[in-house]
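The structure appears below as structure tokens.
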Amino acid sequence: MSYDFNWRAPELQHDLDSNNMQVGLAVDNWEPRIAPPKTTMSGQYCKLEPFDTQRHAQDLYAAFALDTQRRNWAYMPYGPFESFEEFTHWCSNTCTGEDPLFHAIIDLGNNQATGVASYLRIAAAIGSIEVGHIHFSPLLQGTRLATEAMYLMMRRVFDELSYRRYEWKCNALNTPSCKAAERLGFQFEGIFRQATISKNRNRDTAWFSILDHEWPVLKQGFERWLAEGNFAEDGQQIKSLHECVEAQ
């Protein structure tokens, strides 16, 4: 069997080597980065604390239980959990390591943990890192706190640690997650077919990313969107995040 190989590379920036071959641009004066620290990230509406089972598990178990149909667990490789004991066992064994590096998202209004997110696939040598294990309880979904939590994690990656690449991956069937990635400024890169098996089901994985040179405009857009003046008295946004980014 023969194949007609018609694939063409996208137009990418490149140099030419001594043999006139296209090669990647030089990354001058590059030095390996450090891994993210286990320190709190604070914003106007929320903060992200390094995960601590004793401090955060009770709040999170109660918050996740508000998802009575358990829809939020559909695309997670674990859960739902049938008891608090089962949940805390999972937390202690999964959420307290270095990679993935879990954080609890704390509502500054009541100091309650309402969701989690982590850094993972931390490749400090080349400046690449992924955000994942994102689980927002119903208390957090659709709020400005949820957006600010993602902004704070990006700000650490690009402003504090000077990484080159920030990744978002999700089940390609998880439409809300794909839409969230695009809303937050991630660029769709493609789908890895049959990438893994999750809960005994095939998973095709959608890949998204933000690069360091894209961050300055996104940062200004996030800060414009998060400003108090962008929200009416009833809490509704005046301009969307997309509009705030496009205005830069």
Compute the Rg to Rh ratio over segment 169-229 from the alpha carbon atoms, using the Kirkwood formula for Rh, and round to two decimal places. 1.12
Listed by chain and number, the lysines with an alpha carbon less than 30 angstrom from that of Lys239, same-chain partners under 8 positions apart left out, are Lys47, Lys169, Lys179, Lys219
For labels at Tyr78 and Leu25 in the simple 7 Å Cα→Cβ model, what's the distance in nm? 3.9
Could you work out the equivalent-ellipsoid semi-axes for segment 60-148, taking the square root of 5 times each eigenvalue of the Cα gyration tensor, largest first, in whole Å? 22, 17, 12
Would you list the P(r) distribution for the chain, with all Cα-Cα distances sorted into 10 Å bins from 0 and each bin expressed as a whole %? 6, 27, 35, 21, 8, 3, 0
I'd like the projected area of segment 18-107, averaged over all directions, using the convex hull of its alpha carbons. Report it in nm² with one decimal. 10.5
Any chance you could check the Cα centroid distance between segment 232-248 and segment 57-123 for me, in angstrom? 29
Using the scaling law 2.2 N^0.38 Å as the reference, what is the normalised Cα Rg of segment 105-238? 1.10
Taking the chain as a Gaussian network, where each spring joins two C-alpha atoms under 10 Å apart, which residue of Ser18, Ser198, Ser162 fluctuates the most? Ser18
Over the chain, what is the relative contact order in percent, taking alpha-carbon pairs closer than 8 angstrom and at least six residues apart? 15
Residue by residue through segment 147-161, what is 3J(HN,Hα) from phi via Karplus (6.51 cos²θ - 1.76 cosθ + 1.60, θ = phi - 60°)? Round to whole Hz and write x for glycine and proline. 5, 5, 4, 5, 4, 5, 5, 5, 4, 5, 4, 8, 7, 7, 9
What is the gain in length, in nm to one decimal, between Thr196 and Ala124 on full extension, counting 0.36 nm per residue of separation less the C-alpha to C-alpha distance? 23.5 nm
Accessible area per residue in Å² at 1.4 Å probe, computed on the chain: 59
So between His89 and Asp52, what do we pick up on full extension, going 0.36 nm a residue minus the alpha carbon distance? 12.1 nm
Neighbours of Thr39 by Cβ distance under 12 Å: Lys/Arg at +1, Asp/Glu at -1, summed charge +1
Loop GluC sites (Glu not before Pro), segment 76-184, which have at most 14 other Cβ atoms in a 10 Å radius of their Cβ (DSSP): Glu82, Glu98
If R0 = 45 Å, then Ser240 and Leu16, at their Cβ-Cβ distance, give a FRET efficiency to the nearest 0.05 of 0.60
Share of accessible surface on carbon and sulfur in segment 15-157, whole %, 1.4 Å probe and ligands ignored, is 49
Going by amide H atoms built from the backbone, whose H comes under 5 Å of the H on Gln112, apart from near neighbours? Asp107
For the chain, what does -39500 (n - 2.57) per DSSP helix run (n ≥ 4), summed and divided by total residues, give at 222 nm, in deg cm²/dmol to the nearest 500? -7500 deg cm²/dmol
Could you give the semi-axes, largest first, of the ellipsoid that matches segment 120-167, computed as the square roots of 5 times the alpha carbon gyration tensor eigenvalues and rounded to whole Å? 24, 12, 6
So what's the net charge close to Cys91: Lys and Arg +1, Asp and Glu -1, counting the other residues with Cβ under 14 Å from its Cβ? -4
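The values are calculated or read from the model by the stated rules, or taken from the named source; none is laboratory data. All values reported here derive from a predicted model rather than from experimental measurement. When we count neighbours, we look across all protein chains shown, and the Cβ atoms used for this are built from the backbone with ideal geometry, even at glycine. Please note that ligands, DNA and RNA were not included when accessible areas were found on the heavy atoms of the full protein model with its side chains. Shrake-Rupley method; radii C 1.70, N 1.55, O 1.52, S 1.80 Å.
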